[in-house]
2 protein chains.
Amino acid sequence: MGERIGFIGLGIMGRPMAGHVLDAGFTVTVWNRTRSKTTPLVERGAAAAASPREVAAASDITITMVADTPDVLDVILGPQGVAHGVRPGSVVVDMSTISPAATREVARRLAERGAEMLDAPVSGGEKGAIDGTLSIMVGGKPEVFERVLPVFQKMGRQIVHLGESGAGQVTKACNQLVLSLTLLGVAEALTLARKAGVDPAKVRAALLGGFAQSRVLELHGQRMLDRNFAPGFRTRLYHKDMGIVTETGRSVGMPLLGGSLAAQLYQVAMNQGLGEMDYSVLARVVAGLGGTES
Amino acid sequence: MGERIGFIGLGIMGRPMAGHVLDAGFTVTVWNRTRSKTTPLVERGAAAAASPREVAAASDITITMVADTPDVLDVILGPQGVAHGVRPGSVVVDMSTISPAATREVARRLAERGAEMLDAPVSGGEKGAIDGTLSIMVGGKPEVFERVLPVFQKMGRQIVHLGESGAGQVTKACNQLVLSLTLLGVAEALTLARKAGVDPAKVRAALLGGFAQSRVLELHGQRMLDRNFAPGFRTRLYHKDMGIVTETGRSVGMPLLGGSLAAQLYQVAMNQGLGEMDYSVLARVVAGLGGTES
């Protein structure tokens, strides 16, 4: 295939995502901070580069999938970053979840080098990454979106272009905001049922048939009943995302009474040492407030 | 059919529900505070009684479907109430949404008369009542549930027995709690998107494909986009229900940080004169906090 793909960040999400692109027959160059994580992909035919700069120099489309805003700034704008290797006419696609404001700044800096940028955060977790069924929320120019679409289609199932630069990150923030409050509602309801002497499993089943239905009630509700908080998506990262949500609200003057309550409860979860557990462990925090087990 | 059915409360919900029971061939006796509302059912073959007491005297199973706890106390325990006409071995089924504590008290008083009681609040709104597709959440003795089940099946599709007396009302409170926080999340997210310059319709569509999916995002999210707050289910009644939610939490020592925030915002909606609009009008309250239109 024509486009050469670079992939930076081979963690829980990035590794299977890069694997799908490689399996589709693209030429792939990879880089990861911990170099040993490149080995499985190199054994399957990827090239390993010594820096993000070198990845960009060898690629038409460079994808970044790292943990947080500072990581994106480092791998793109840092001394060995993508911006120093990127060629005019190439595209940088950041699939990490970071702040819309930082995204727009990175896009501006890349434009100075003649490179395009898309923000394309994902939803669907490790399972979605492995199955190639992620939801991908994209911001940037429509023609750049069309150009990268064949690559997105190897990693995701629902791929939506939402608007100009930053629109993907705004949408991801909205996603986490909706999720957090749905989760809080389910956690409070199942704990309330338990404390009121009603079987929370029966309550969950009854609610699934009505207007209270949600994927959260279905999937995370079951996790809460099973007390299965193995990740999944880690509380530490969700806490980071809720910081982006509240920062985004603040940056546009939108008070988020519900969102900031949820963000505070994730801070409580962090303070209780639950950072490495699945983000549905919010139920344990809520149950703790009631002096009971989740 | 053998069981004679009484129906007390022929409002937006009660009238179509009683109609379905009548259409199924049951002998039905009705009563409503505003007598004229009984006429359409009488024309279709129902008998009209002069008081709830008379309804109970003429029925094996007496159903109440009224607005609030005081109304239930009045039609069941008041001077002309069901309790004064009910015969031993008959059943009273309260399908209103009231507090679990009041429910248990009414059940205790009816038991003194030798009558059984089920609490059987519903979800699904006016449309569910008209279509006969309500979700019915039932508390009470299993054998009484089995006896009334054929009647429930005329009014609802998902009919679940959740436990002893009060369990239906606890489940309904859990339903409203989950709904209110899901709705708050959707309202905040769509307003955040709009303020951040991203099309909220696109955000809704993107989120429907992932973990943030819910019937609220689907149905009420669309209402918010259309600014269509015609009821549906009135804010005034939802505000009443949120009072039951917070009271139920308090009665079992369960702090509901999210639920009480939602309850407070429904108080704001009431104070803004939105009581007769659909409860998804919460989006207008949230948008107002952002100094923008919903």
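The values are calculated or read from the model by the stated rules, or taken from the named source; none is laboratory data. In this text the structure is predicted, and so the values were computed from the model without any measurement. No Cβ is skipped: glycine too gets one built from the backbone with ideal geometry, and neighbour counts run over all protein chains shown. Quick note on the areas: whole protein, heavy atoms, side chains included, nothing else; ligands and nucleic acids left out. Shrake-Rupley method; radii C 1.70, N 1.55, O 1.52, S 1.80 Å.
Filter the range B:238-278 down to the residues that are touching a residue at least 60 places away in the same chain (Cβ under 8 Å) and at the interface with chain A (Cβ under 10 Å from one of its Cβ atoms) and list them by number.
Answer for the range B:238-278, where residues must be touching a residue at least 60 places away in the same chain (Cβ under 8 Å) and at the interface with chain A (Cβ under 10 Å from one of its Cβ atoms): B:V245, B:T248, B:S251, B:L256, B:G258, B:G259, B:L261, B:A262, B:L265.
Inside the range A:137-159, can you point out the residues that are under 20 Å from A:A102 (Cβ atoms) and open to solvent by 60 Å² or more (accessible area, probe 1.4 Å)?
A:K141
Can you tell me which of (1) among the hydrophobic types (A, V, I, L, M, F, W, C); (2) at the interface with chain B (Cβ under 9 Å from one of its Cβ atoms); (3) open to solvent by less than 10 Å² (accessible area, probe 1.4 Å); (4) farther than 27 Å from A:M224 by Cβ is the one A:L177 doesn't meet?
Of everything listed in (1) among the hydrophobic types (A, V, I, L, M, F, W, C); (2) at the interface with chain B (Cβ under 9 Å from one of its Cβ atoms); (3) open to solvent by less than 10 Å² (accessible area, probe 1.4 Å); (4) farther than 27 Å from A:M224 by Cβ, A:L177 misses just condition (4).
Restricting to the range B:234-255, give me the number of residues that are of a type in the set (S, T, Y), open to solvent by 10 Å² or more (accessible area, probe 1.4 Å) and more than 15 Å from B:V170 (Cβ to Cβ).
Adding up the residues that qualify gives 0.
Restricting to the range B:209-231, what's the tally of residues that are over 29 Å from A:V122 (Cβ atoms) and crowded, with 20+ Cβ neighbours inside 10 Å?
Qualifying residue count, the range B:209-231: 1.
Considering only residues of the range A:187-217 that are in contact with a Lys or Arg (Cβ under 7 Å, 6 or more places away or on another chain), within 7 Å of another protein chain (Cβ to nearest Cβ) and of a type outside the set (S, T, N, Q), which is nearest to B:V216 (Cα to Cα)?
A:F211
Quickly run through the range B:16-39 and pick out the residues that are in contact (Cβ under 8 Å) with a residue 60 or more places away in the chain and open to solvent by 70 Å² or more (accessible area, probe 1.4 Å).
Selection gives B:D23 alone.
So that you can scan it fast, the table gives a plain yes or no per residue for (1) at pLDDT below 95; (2) out of contact with any Gly (no Cβ under 8 Å at 6 or more places or on another chain):
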site: B:P231; (1), (2): yes, yes
site: B:G243; (1), (2): no, yes
site: B:L256; (1), (2): no, no
site: B:G259; (1), (2): no, no
site: B:V268; (1), (2): no, yes
site: B:S280; (1), (2): no, no
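Can you tell me how many residues within the range B:160-171 are under 14 Å from the mean Cα position of the chain (by Cα) and open to solvent by 10 Å² or more (accessible area, probe 1.4 Å)?
0
Say whether the condition of being acidic (D, E), at pLDDT 95 or above and within 28 Å of B:A101 (Cβ to Cβ) is met by at least one residue in the range B:60-67.
Yes: one or more hits.
In the range A:40-61, what residues are over 30 Å from A:T235 (Cβ atoms), open to solvent by 10 Å² or more (accessible area, probe 1.4 Å) and part of a helix (DSSP H, G or I)?
Answer for the range A:40-61, where residues must be over 30 Å from A:T235 (Cβ atoms), open to solvent by 10 Å² or more (accessible area, probe 1.4 Å) and part of a helix (DSSP H, G or I): A:V42, A:E43, A:R53, A:E54, A:A57.
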